[in-house]
Amino acid sequence: MTGAGFLSELYLSTDPDYQGRYTVPCVWDTAAGRMVTNDFPAITTTMETQFTAWHRPGAPDLYPEPLRPEIDELNELVYTTVNNGVYRAGFATAQEPYEKAFDALFATFDRLEERLSDRRYLLGDAITEADVRLYPTLARFDAVYHSHFKCNLRRLVDYPNLWAYARDLYSVPAFGETTDFDQIKRHYYVTQRNVNPSGVVPKGPLIDWTAPHGRERLAGRGRRTVDDLGGRARRGPEVRVLSRAAVMLTGSPGH
C-alpha cells in the first residue's frame, strides 16, 4: 500500500505546492512513489487498452474496438448530464443553473430507461466501459443525490428498467463488493457542510439492492456476452490503481 492515511498525502508528496482538489480515481506509482495521473476520463480506457498484460486470463474486454465510438458518445452524454449533472444541480447557487442541470439529468434518465427496455446492458449483452461509468451515480442516487443534491423529480427505484439494470450490475462482485452505502452517505452528508450544515446522516432509504432483477430475460438480444468481472486485473509491481470502483467511497469521477 501507499502508507498514506489520506488521499491528500499522495498529492502533496508528489507536489508539495499542489493546491487543487484531491480527486479519485487516480493512479499511484508504487515504485516511484508518486502520483501518475488523475485524468479520470482516460484512466479506465488506458487500463483497458495499455495494461492488458496485467489482466487476468479471460478478462472481459470492456472497451472493444468496434464499439468505441458508441461507448465514447454515450460516456460523454452520461458524464455531462448524469455523473457531473448531479453535482451541477447539487452545488448550484442560483435557480436557473440548478433547473438546467436538473432537467438534463432526468431527460437522460428517461433516455436510459428506454434504451434498457430491450437490452441487458447499455451496449447489449456485455458489460462495457459505459456501464462502469454510469454505475457510481446510480449506486448513490437514492441514498444521496435525490435528497442531498435536490435531484428529486424521481428516484432510481421509480424507473423499472434502470433500477433493475442497477441491481443487475450490483450482483456482479466487481460492482457490489466495492459499493459501501454507509460510507457513501457519511462522506456526502458529513463532509459537505455547505449543503448539509448539520452533518446529520439520514438513516434511510430502505432499498433492497439484492432483490431479483430479472434482466436475464434480455440475454441474447445484444452483441456479446460476459460472465462476470471478478478479479479483472492483476496488480502489477509498478502501479496500484485507485480505480473507478473505489469512487464509491469518496466522490464522483473527478470529484
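The values are calculated or read from the model by the stated rules, or taken from the named source; none is laboratory data. Note that the structure is a prediction, hence the values are computed from the model and not measured. In this analysis, Cβ positions are derived from the backbone assuming ideal geometry, glycine residues included, and neighbour counts consider all displayed protein chains. Note: accessible area is taken over every heavy atom of the protein model, side chains too, but ligands, DNA and RNA are not part of it. Shrake-Rupley method; radii C 1.70, N 1.55, O 1.52, S 1.80 Å.
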Only one of these conditions is not met by Glu129: (1) on the phi > 0 side of the Ramachandran plot; (2) open to solvent by less than 10 Å² (accessible area, probe 1.4 Å); (3) among the charged types (D, E, K, R). Which number is it? (1)
Residues of segment 78-100 being under 25 Å from Leu123 (Cα atoms) and either open to solvent by 60 Å² or more (accessible area, probe 1.4 Å) or not hydroxyl-bearing (Ser, Thr, Tyr) (or both), which ones? Val78, Tyr79, Val82, Asn83, Asn84, Gly85, Val86
Being more than 15 Å from Arg133 (Cα to Cα), part of a loop (DSSP other than H, G, I, E, B) and not hydrophobic (A, V, I, L, M, F, W, C) is the filter here, so list the residues in segment 25-34 that pass it. Thr30, Gly33
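Residues checked against (1) outside any loop (DSSP other than H, G, I, E, B); (2) aromatic (Phe, Trp, Tyr); (3) open to solvent by 70 Å² or more (accessible area, probe 1.4 Å):
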| position | (1), (2), (3) |
| --- | --- |
| Val36 | yes, no, yes |
| Ala42 | yes, no, no |
| Glu48 | yes, no, no |
| Pro60 | no, no, no |
| Glu73 | yes, no, yes |
| Glu76 | yes, no, yes |
Taking segment 132-153, which residues are within 8 Å of the chain's Cα centre (by Cα) and open to solvent by 10 Å² or more (accessible area, probe 1.4 Å)? Val132, Arg133
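Kindly indicate which of Thr210, Thr179 is at pLDDT 95 or above, open to solvent by 50 Å² or more (accessible area, probe 1.4 Å), in a loop (DSSP other than H, G, I, E, B) and touching a helix residue (DSSP H, G or I) at 6+ places or on another chain (Cβ under 8 Å).
Thr210
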So, in segment 101-110, exactly how many residues are open to solvent by 40 Å² or more (accessible area, probe 1.4 Å) and either out of contact with any helix residue (DSSP H, G or I) (no Cβ under 8 Å at 6 or more places or on another chain) or under 15 Å from Asn152 (Cβ atoms) (or both)? 2
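To keep it simple, each residue is scored yes or no on (1) closer than 30 Å to Thr191 by Cβ; (2) modelled with pLDDT of 95 or more.
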site: Thr52; (1), (2): no, no
site: Glu70; (1), (2): no, yes
site: Asn83; (1), (2): yes, yes
site: Tyr87; (1), (2): yes, yes
site: Glu96; (1), (2): yes, yes
site: Phe102; (1), (2): yes, yes
Arg154 meets each of (1) of a type in the set (D, E, K, R); (2) assigned to a loop (DSSP other than H, G, I, E, B); (3) in contact with a helix residue (DSSP H, G or I) (Cβ under 6 Å, 6 or more places away or on another chain) with one exception, condition (3)
